[in-house]
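A short worksheet on the structure shown next.
The values are calculated or read from the model by the stated rules, or taken from the named source; none is laboratory data. Only a predicted model underlies this, so the values are computations on that prediction, with no experimental measurement involved. For neighbour counting, all protein chains shown are included, and Cβ atoms are generated from backbone atoms with ideal geometry for every residue, glycine included. Please note that ligands, DNA and RNA were not included when accessible areas were found on the heavy atoms of the full protein model with its side chains. Shrake-Rupley method; radii C 1.70, N 1.55, O 1.52, S 1.80 Å.
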Amino acid sequence: MNNINRNTFLRAVDQVITPVIIDDERVDISRLYFNSAFYNEVGYNIDDIPNRAIWWRTVYPDPAYREEIQAAWNSKKTTAKANGDQHFSLAARIYCADNSYKWYEFHSVAVGAIKMITLLNISRIKEKNDKLVNAIQQKTLLLSVLTHEIQSPLGNIKAILDSYQMDYLNKNRICEIASALTDQLSHLLNIVAPARLRMESQREVFTFKPEEIKLKDFLNNCRHIFNRILNDLQINLVFEIPEPGIICYDQFALDIIFRNVIDHAIIHTPKNGVIKISLRYYEKHSSLIIANPVNRMTAEPMDAMEYQNHHQSAGQDITYGFGLGLISAKEILEQYRGKLTVSNSPVTGASCEIMIYN
């Protein structure tokens, strides 16, 4: 295209209401051209980004994400060329001149050495989609938590029915099962009722409400909940909580997380064993560490945690595995400002670390 035709073409592109980038490989200087809509919406002009090298560094300031998008863009380009196509598209988030991030769907069309790239703003669609995915994940996670919690009371109900059929019931056995069942149902109701109250009525999405939690009071309440089984197994809970002993987190979420981790620790602690719970403060996070000093975790819960890393949610494919409690706790923490790690050590035994970021 000669200069007159090129200028006429660029003036036409300038009237398009969608952001457009022109990449003309035959022009050595100022290879990129942005139309008015691009400048008005994204904020950069030719002086800000004169060529492709500066484009990548400017709109993708994070090196890891830049590398990811560059690889995806080149892959799309290569595939289109191999198929004889002149068009390909890619969705990506870019950093705008006003310091905001926006999602765009890029459409690249090649005509010889000239490439026209149009940008379709999909930020609102992406936001709505993310909210929908988040709502589905939360409901799935809540279902997995309830699935885990309901197994014990259902097991006791089944034990009563089996004993009745086999004519094994006696007064002491009935009292023993009923007492355990009462504790388990109370525990379940303590989860279900607050969970329903904490779901927003319109979107039914859990509302995360951080607050200062006094850990000594919190842990004593947990000790009371597990008191019966701890006494039966003669397991001692030892608290090592330095002052001020406060964590800022959602109390309901921490309650579910901590109960699942303690429940798992009790299962894997031998009779007359010890479970040590300690708190450590770091610059960017606080850690609650639940350790079994004389016990080592078997490979199964470790494998379950690793398996979950390759799946969307705890509710998928892992329904009755005994790693479900840890997986539910892990998912809640990852969704709400935290992380769960499990480890084995010849010195400290098995441990779970609940990390809560400041």
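How many of the residues making up segment 87-101 are outside any strand (DSSP E or B) and within 15 Å of residue 19 (Cα to Cα)?
So the first thing to find is which residues in segment 87-101 are outside any strand (DSSP E or B), and the list is 96-100.
Among the residues that remain, those that are also within 15 Å of residue 19 (Cα to Cα) are: 96-97.
Adding up the residues that qualify gives 2.
Of all the numbered requirements in (1) touching a strand residue (DSSP E or B) at 6+ places or on another chain (Cβ under 7 Å); (2) farther than 24 Å from residue 130 by Cβ, residue 82 misses one, and that requirement is (1). State yes or no: is residue 98 acidic (Asp, Glu), in contact (Cβ under 8 Å) with a residue 40 or more places away in the chain and either open to solvent by less than 60 Å² (accessible area, probe 1.4 Å) or closer than 30 Å to residue 7 by Cβ (or both)? So residue 98 passes the test. Would you say residue 257 is open to solvent by less than 10 Å² (accessible area, probe 1.4 Å) and in contact (Cβ under 8 Å) with a residue 60 or more places away in the chain? Yes.
Any chance segment 19-28 includes a residue that's touching a helix residue (DSSP H, G or I) at 6+ places or on another chain (Cβ under 9 Å) and in a helix (DSSP H, G or I)?
Among the residues of segment 19-28, not one is touching a helix residue (DSSP H, G or I) at 6+ places or on another chain (Cβ under 9 Å) and in a helix (DSSP H, G or I), which makes the answer no.
When 52, 26, 11 are checked against the criterion of being at pLDDT 85 or above and open to solvent by 70 Å² or more (accessible area, probe 1.4 Å), 52 stands alone in meeting it. For residues that are surrounded by 18 or more Cβ atoms within 10 Å (Cβ to Cβ) and more than 16 Å from the chain's Cα centre (by Cα), scanning just segment 135-151, find the one that is modelled with the highest pLDDT. Filtering first and then ranking leaves 149. The C-beta contact set for segment 58-81 (first residue free of Cβ contacts under 8 Å to residues at least 60 places away in the same chain, second residue open to solvent by less than 60 Å² (accessible area, probe 1.4 Å) and assigned to a helix (DSSP H, G or I), distance under 6 angstrom, 6+ apart or interchain) comprises 60/66; 60/69; 66/56. All conditions in (1) open to solvent by 80 Å² or more (accessible area, probe 1.4 Å); (2) within 24 Å of the chain's Cα centre (by Cα); (3) modelled with pLDDT of 65 or more hold for residue 213, with the sole exception of (1).
For residue 235, the conditions (1) modelled with pLDDT of 85 or more; (2) out of contact with any strand residue (DSSP E or B) (no Cβ under 8 Å at 6 or more places or on another chain) are fulfilled apart from (2).
Restricting attention to segment 267-277, report how many residues are crowded, with 16+ Cβ neighbours inside 10 Å and outside any loop (DSSP other than H, G, I, E, B). Before the answer, list the steps.
Taking segment 267-277 first, the residues crowded, with 16+ Cβ neighbours inside 10 Å are 268-269, 273-277.
Now narrow it down to the ones that are outside any loop (DSSP other than H, G, I, E, B): 274-277.
Result for segment 267-277: 4.
Taking the criterion of being open to solvent by less than 70 Å² (accessible area, probe 1.4 Å), of a type in the set (Val, Ile, Thr) and part of a strand (DSSP E or B), the residues of segment 103-134 that qualify are 109, 114, 117, 118.
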